[in-house]
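**Student:** This is the structure I have questions about; it appears just below.
The values are calculated or read from the model by the stated rules, or taken from the named source; none is laboratory data. Here the structure is a predicted model, which is why all the values come from computation and not from measurement. All Cβ positions, glycine included, derive from the backbone under ideal geometry; neighbour counts span all protein chains shown.
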C-alpha cells in the first residue's frame, strides 16, 4: 500500500500536524516514521538520529521505559477514563502547583492550542474586555483572534489599552527585563499577562521561563514536554482568575481527565527530578551552541541561532535551508529548524550532528550540492508547531 498517496487522498496536508507534512520537506525525506527509541527513529528500515523530538514533546527519549511503565500500570490495573474524575487529576494538579510558580489552580486539557484557547476565553471573561495582544505562535484555535506585536516599543505605544483583556506571549522570545516591563504594562492597564509555555515548559526549566527568569504571569499554558509525548496540556494560574472557570468562563472537555496523560506526567516529573534532566539539557545544549557557533564562523554559513540551549532554534535563507534538509537527512540526521534536545541526546549524538554540519556546511557554501528534487512546501510556518 502506498501510504503517502492514501494519506494525500484522505487527510489534508497528509498529516494531522502541518509541521510534519511531506509538503514541508525535500523529496528525499522519509514520509512516515515507523517507530523510535531514545533519540533515534526508524523509517523504511533506515535509522535516523532525531533532533526534532516530535516537535518538542519528547523530553526524555522515545519509548522511555520509566514513563511507559506508569502508563501501562494505569491501563492494566485501573483504566484510563471514567464516569467521574479520577484521583490522578488531583495528584498531578498538586504536583504542578509545586513546580510552576504561577500555578494556584490547574485545568487539564489535551493540546497546547486547547490551553491557549481556554486562557484567552478566561481572560476575556475575567476582564470583560475583548482584545488580546500577542507575540509568538499559540496554536490554530486562536490563530486569527489575536492582535500581534513585534517588540516592546510597539506594545508600549499600542493606542487601545483600555480594551485589552490580555497580553499573550511565548516568554522565551523576551529577556527578563522585557517581561517585567510587559507585566508592569498589564498591571497598569488592568490586562492579564499570559505566558504560553507550551514549548518552554519542562524544558528551559521544569516550571518554564517564568521559573528561570523569575517573572510570574497571571495565567500560563503548558503541554508538549510535560508527559514525554503523551497527550496532555494544562492551563494554570492565579486562584481568583481560575475560579471563574466554575462560574461564567465555560471550559469543559471529555478527555481532559484522561489518566494516560496524567500517569505519563507523573512518570515524567519524577524521572526529570531523579535524573536532573534539565541540567543535562543545558549542558548538552551549551556544548552544541558553542561548537556550532565555531562552525558557522569557520565556514561563514548563513545560520543564525536564537533561544535557550535546551532548544536552539535557527534560521537561514530558504534555498540554503532546502539544501540543509536534503544533506542532513542523507547522512542520517532528522532535523528541521530547531535542536530539540532530549535526555537521550548524549555527547556522542551531539558530536555526530556536529560532524555532519562540518561536512555539509562547506559543500553548500561552495555550491557543490544542488537540490535533487523539490521542496514541496514552504517555510512560512517555521514556528507554527
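**Student:** Can you pull out the residues in the stretch 215-229 that are more than 13 Å from the chain's Cα centre (by Cα), in a loop (DSSP other than H, G, I, E, B) and farther than 17 Å from residue 98 by Cβ? Steps first, answer last, please.
**Tutor:** If we filter the stretch 215-229 for residues that are more than 13 Å from the chain's Cα centre (by Cα), which is where we start, we get 215-220.
Within this subset, residues satisfying the condition of being in a loop (DSSP other than H, G, I, E, B) are 215-218.
Within the stretch 215-229, 215, 217, 218 qualify.
One line per residue, one yes/no per condition, for (1) touching a strand residue (DSSP E or B) at 6+ places or on another chain (Cβ under 7 Å); (2) in contact (Cβ under 8 Å) with a residue 40 or more places away in the chain; (3) within 28 Å of residue 212 (Cα to Cα):
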| site | (1), (2), (3) |
| --- | --- |
| 87 | no, no, no |
| 98 | no, no, yes |
| 109 | yes, yes, yes |
| 114 | yes, yes, yes |
| 128 | no, no, no |
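**Student:** Among 314, 308, which is assigned by TED's automatic domain parsing to the domain that holds residue 354 and part of a loop (DSSP other than H, G, I, E, B)?
**Tutor:** On inspection, the qualifying residue turns out to be 308.
**Student:** Can you run down the residue pairs with Cβ atoms below 6 Å, 6 or more apart or on separate chains, where the first is in the stretch 318-340 and not assigned by TED's automatic domain parsing to the domain that holds residue 359 and the partner is surrounded by 22 or more Cβ atoms within 10 Å (Cβ to Cβ) and outside any helix (DSSP H, G or I)?
**Tutor:** No pair meets every condition.
**Student:** On the given criteria, is residue 202 under 13 Å from the mean Cα position of the chain (by Cα), under 18 Å from residue 142 (Cα atoms) and surrounded by 24 or more Cβ atoms within 10 Å (Cβ to Cβ)?
**Tutor:** For residue 202, the condition - under 13 Å from the mean Cα position of the chain (by Cα), under 18 Å from residue 142 (Cα atoms) and surrounded by 24 or more Cβ atoms within 10 Å (Cβ to Cβ) - is not met.
**Student:** Could you figure out which of (1) over 21 Å from the mean Cα position of the chain (by Cα); (2) assigned to a helix (DSSP H, G or I); (3) over 30 Å from residue 273 (Cα atoms) isn't true of residue 120?
**Tutor:** Going through the list (1) over 21 Å from the mean Cα position of the chain (by Cα); (2) assigned to a helix (DSSP H, G or I); (3) over 30 Å from residue 273 (Cα atoms), residue 120 breaks only (1).
**Student:** Working only within the stretch 8-21, note down all residues that are free of Cβ contacts under 8 Å to residues at least 24 places away in the same chain, assigned to a helix (DSSP H, G or I) and touching a helix residue (DSSP H, G or I) at 6+ places or on another chain (Cβ under 8 Å). Spell out the reasoning first.
**Tutor:** Pass one, the stretch 8-21, residues free of Cβ contacts under 8 Å to residues at least 24 places away in the same chain: 8-16.
Restricting the remaining residues to those that are assigned to a helix (DSSP H, G or I) gives 8-10, 12-14.
Answer for the stretch 8-21, where residues must be free of Cβ contacts under 8 Å to residues at least 24 places away in the same chain, assigned to a helix (DSSP H, G or I) and touching a helix residue (DSSP H, G or I) at 6+ places or on another chain (Cβ under 8 Å): 8, 13, 14.
**Student:** Oh, and also: Quick one: what pairs do we get from the stretch 292-307, first residue farther than 16 Å from residue 360 by Cβ, second surrounded by 14 or more Cβ atoms within 10 Å (Cβ to Cβ) and modelled with pLDDT of 95 or more, C-beta under 6 Å, 6+ apart or different chains?
**Tutor:** Partner pairs satisfying both residue conditions: 304/315; 305/312; 305/314; 306/313; 307/313.
**Student:** Return the residues of the stretch 230-245 that are surrounded by 24 or more Cβ atoms within 10 Å (Cβ to Cβ) and not in a loop (DSSP other than H, G, I, E, B); say none if nothing qualifies. Before you say what the answer is, go through the steps one by one.
**Tutor:** Residues of the stretch 230-245 that are surrounded by 24 or more Cβ atoms within 10 Å (Cβ to Cβ), as a first pass: 232-237.
Within the stretch 230-245, 233, 234, 235, 236, 237 meet the criteria.
**Student:** Any chance the stretch 68-90 includes a residue that's within 27 Å of residue 307 (Cβ to Cβ) and within 23 Å of the chain's Cα centre (by Cα)?
**Tutor:** Looking through the stretch 68-90, none of the residues is within 27 Å of residue 307 (Cβ to Cβ) and within 23 Å of the chain's Cα centre (by Cα).
**Student:** Got at least one residue in the stretch 174-193 being under 30 Å from residue 52 (Cα atoms), touching a helix residue (DSSP H, G or I) at 6+ places or on another chain (Cβ under 9 Å), part of a strand (DSSP E or B) and at pLDDT 95 or above?
**Tutor:** yes
**Student:** Tell me, which strands (runs of 3 or more DSSP E) wholly within the stretch 22-79 include 3 or more residues that are surrounded by 17 or more Cβ atoms within 10 Å (Cβ to Cβ) and touching a residue at least 60 places away in the same chain (Cβ under 8 Å)?
**Tutor:** 46-50
**Student:** Another question about this same structure. Being at pLDDT below 95 and crowded, with 23+ Cβ neighbours inside 10 Å is the filter here; which residues of the stretch 111-142 pass it?
**Tutor:** 138
**Student:** Quick one: which of 167, 209 is buried (at least 24 other Cβ atoms within 10 Å of the Cβ) and either over 22 Å from residue 97 (Cα atoms) or not assigned by TED's automatic domain parsing to the domain that holds residue 106 (or both)? Don't jump to the end; show me each part of the working.
**Tutor:** Values: 209 fails: either over 22 Å from residue 97 (Cα atoms) or not assigned by TED's automatic domain parsing to the domain that holds residue 106 (or both).
Of 167, 209, the one residue that is buried (at least 24 other Cβ atoms within 10 Å of the Cβ) and either over 22 Å from residue 97 (Cα atoms) or not assigned by TED's automatic domain parsing to the domain that holds residue 106 (or both) is 167.
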